[in-house]
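> Pasting a structure here, questions to come.
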Amino acid sequence: MAHAGDIGFSGFCQDLAGCASGRERNGVLTEGSIAVWFNEDAWWTDVGLLDTLIKHIIMHELLHVLLPMNHRLHPSSIMNSQNAPRVAVLSEMDEALIRLYSHPLVRPNMTMGQVKSLIVFNDDLLDAEPSPQPDEYRIIQHAFAALWEAGSARFKMRGGWTGWGCYESFGGSDDGAYYHVADFGTYYPGLIQFQDGDHHFYLIQPFDDAGTWEYWSQRGSGQWQRISATAFYETTAWDSEFSSLHTMLASILFFSNASAIDLSVNSDGTLTLDVSLDSAFIQQITWSNGETIDVRLVLDAETYHVREYSMEWDFEVRGDFCSGYEVEAWDGEYGVELEVPAAIRQESQNLP
C-alpha cells in the first residue's frame, strides 16, 4: 500500500477506508482527489462482496468532492460512515439531494432560504400528487431504516432445526417464544432478550471491539447467571443469527435486487415481499458448503414496520449437522423499551 502522504493525503487517511479532498473558488469546485485503500479483510472477499465495498467507498468519496456532500446519519444513506450497510446504492434522499444541488436555478454559495424562494417543493403544493410506491429494493431500504430508527422491536417467535434426525424446536406454546432486540448496529442488534417457556436469556454485545458477547441465563424465578456461548447454544434450539430480522434485511440489501424480490400489495395496508438468497451477511458457517434462505416479510405500507417475517434456511451440511433451520415471527411491535434486569446490569462488562 502506498503511504497516504505520497499521494497528497494525511497519514490519518491511511487508517480509513477512503479519503477525499477538494479545492473550490467562489463556491465552484476547481480540483478534487479521492483515495480508496485496498481492504485486506478476507471476509469481504470470501462472501463475494469486495467489489461492492470498493464501489461503495468510491461513490461515497466522490460525493464528498463533487457536490460536496457531508456525512449523513440516516441508516440508508451512502454518506453514513457509521452504521449504514456499505452497499453501492444511493438512498432516495441521497438522490433527491443530488437533484437539488444540480438544479439549474441553484447557484454556488446560495443559502437554503434562497433556494426555497426559487424552487417549489412538493410539500409546498396543496394538490401535490402522492409519491409513487418505491420499488422492491427501496422498500427493503425503508424497512431497514425504520427498524434502526425505532431503536427496538419485539416479536413472538417459533421454529427450530430441521433435517434428518433433527427435532429440536422452540416457541412450541400457543404464544410462541418472546423475542426482543435493541441497540442496532450496522448488521446486528447489540442487545437481545429471548424467552421460551420458563427459560430466559439476555445476549449483550460489547460496546467496544475489545470484549466478547455475554450470555445470561435464568430458569424460572432463579438467579441470573452468565454462561458460555457453547452452553447457551446447547441449552436452546434457537439461533440468534439465523433468526435476526435486522441481519436479514442487511443481507437482502447486499445479496439481492428489485427484480429478484416478489412484491404483493395487500388490502389491509400491508406489503408482502418474498426473496430467496444464496448467502447472508453472517459469520462464516464452517459446517456448511453453502446455504440458501427463503425469506418472507409482511410490513406496513406506510411506516415500513415489519409485522411478521419468516426464514427457511437450507444448508449444504458436512458431517453430523442439521440441514435446515426455520423461524417464524409475528405480532411485531417497534419502539418498545428493552429493560435489562438490575442483577445483569450490576455484573455485565458490556453495558456502558
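The values are calculated or read from the model by the stated rules, or taken from the named source; none is laboratory data. Everything numeric in this text was worked out from a predicted model, so none of it was measured. Glycine gets a Cβ as well: all are built from the backbone with ideal geometry, and neighbour counts include every protein chain shown. Surface areas here come from the heavy atoms of the whole protein model, side chains and all, with no ligands, DNA or RNA. Shrake-Rupley method; radii C 1.70, N 1.55, O 1.52, S 1.80 Å.
> In this structure, is Tyr202 aromatic (Phe, Trp, Tyr) and either without any contact (Cβ under 8 Å) to a residue 40 or more places away in the chain or within 26 Å of Gln349 (Cα to Cα) (or both)? Before the answer, list the steps.
Details: aromatic (Phe, Trp, Tyr): yes; either without any contact (Cβ under 8 Å) to a residue 40 or more places away in the chain or within 26 Å of Gln349 (Cα to Cα) (or both): yes.
So Tyr202 fits the description; yes.
> Ok, one more. Within the bounds of region 335-345, is there any residue that is within 21 Å of Ser251 (Cβ to Cβ) and within 18 Å of the chain's Cα centre (by Cα)?
No, region 335-345 has no match at all.
> Among the residues of region 91-102, is any in a loop (DSSP other than H, G, I, E, B) and closer than 15 Å to Phe144 by Cβ?
We begin by selecting, within region 91-102, every residue in a loop (DSSP other than H, G, I, E, B); these are 91, 102.
Imposing the further condition that a residue be closer than 15 Å to Phe144 by Cβ reduces the set to 91.
Checked against the condition, which is being in a loop (DSSP other than H, G, I, E, B) and closer than 15 Å to Phe144 by Cβ, region 91-102 yields at least one hit.
> So Gln346 clears everything in (1) of a type outside the set (Phe, Trp, Tyr); (2) in contact (Cβ under 8 Å) with a residue 40 or more places away in the chain; (3) open to solvent by 20 Å² or more (accessible area, probe 1.4 Å) except one condition, right? Which one?
Going through (1) of a type outside the set (Phe, Trp, Tyr); (2) in contact (Cβ under 8 Å) with a residue 40 or more places away in the chain; (3) open to solvent by 20 Å² or more (accessible area, probe 1.4 Å) one by one, Gln346 breaks only (2).
> I'd like the full set of residues that are among the charged types (D, E, K, R) and either open to solvent by 40 Å² or more (accessible area, probe 1.4 Å) or closer than 18 Å to Ser251 by Cα (or both), limited to region 86-104. So that I can check it myself, show each step before the final result.
In the first step, residues of region 86-104 are kept if they are among the charged types (D, E, K, R); the result is 86, 92, 94-95, 99.
Within region 86-104, Arg86, Glu92, Glu95, Arg99 meet the criteria.
> Identify, please: which residue in region 1-32 is part of a helix (DSSP H, G or I) and either of a type in the set (D, E, K, R) or surrounded by fewer than 10 Cβ atoms within 10 Å (Cβ to Cβ) (or both) and is, among those, modelled with the lowest pLDDT?
Taking the candidates together, the pick is Asp6.
> Select from region 187-217 the residues that are open to solvent by 30 Å² or more (accessible area, probe 1.4 Å) and of a type in the set (S, T, N, Q) and write down the one among them that is nearest to the chain's Cα centre (by Cα).
Once the filter is applied, the top-ranked residue is Gln205.
> Taking region 273-294, which residues are assigned to a strand (DSSP E or B) and either open to solvent by 20 Å² or more (accessible area, probe 1.4 Å) or not β-branched (Val, Ile, Thr) (or both)?
Leu273, Asp274, Ser276, Leu277, Ser288, Asn289, Gly290, Glu291, Thr292, Asp294
> I'd like to check something: does region 65-76 contain any residue that is at pLDDT 85 or above, within 24 Å of the chain's Cα centre (by Cα) and of a type in the set (A, V, I, L, M)?
Yes; the residues of region 65-76 include at least one that is at pLDDT 85 or above, within 24 Å of the chain's Cα centre (by Cα) and of a type in the set (A, V, I, L, M).
> Name the single residue that is nearest to the chain's Cα centre (by Cα) among those in region 106-134 being modelled with pLDDT of 70 or more and not in a loop (DSSP other than H, G, I, E, B).
Among those residues, the one meeting the criterion is Met112.
> Hey, another quick one. Residue check, Cys322 against (1) in a loop (DSSP other than H, G, I, E, B); (2) open to solvent by less than 20 Å² (accessible area, probe 1.4 Å), all met but one. Which one?
It is condition (2) that Cys322 fails.
> On to the next question. Within region 54-85, work out how many residues are open to solvent by less than 40 Å² (accessible area, probe 1.4 Å), of a type in the set (A, V, I, L, M) and either more than 15 Å from Ile34 (Cβ to Cβ) or outside any helix (DSSP H, G or I) (or both).
5
> Checking the condition open to solvent by 40 Å² or more (accessible area, probe 1.4 Å), closer than 20 Å to Ala153 by Cα and part of a loop (DSSP other than H, G, I, E, B), which residue from Glu308, Glu339 passes?
Checking each option against the conditions leaves just Glu339.
> In this structure, does Tyr179 turn out to be within 20 Å of Ala153 (Cβ to Cβ), of a type in the set (Phe, Trp, Tyr) and part of a loop (DSSP other than H, G, I, E, B)?
Numbers: within 20 Å of Ala153 (Cβ to Cβ): yes; of a type in the set (Phe, Trp, Tyr): yes; part of a loop (DSSP other than H, G, I, E, B): no.
No; evaluated as a whole, the condition is false for this residue.
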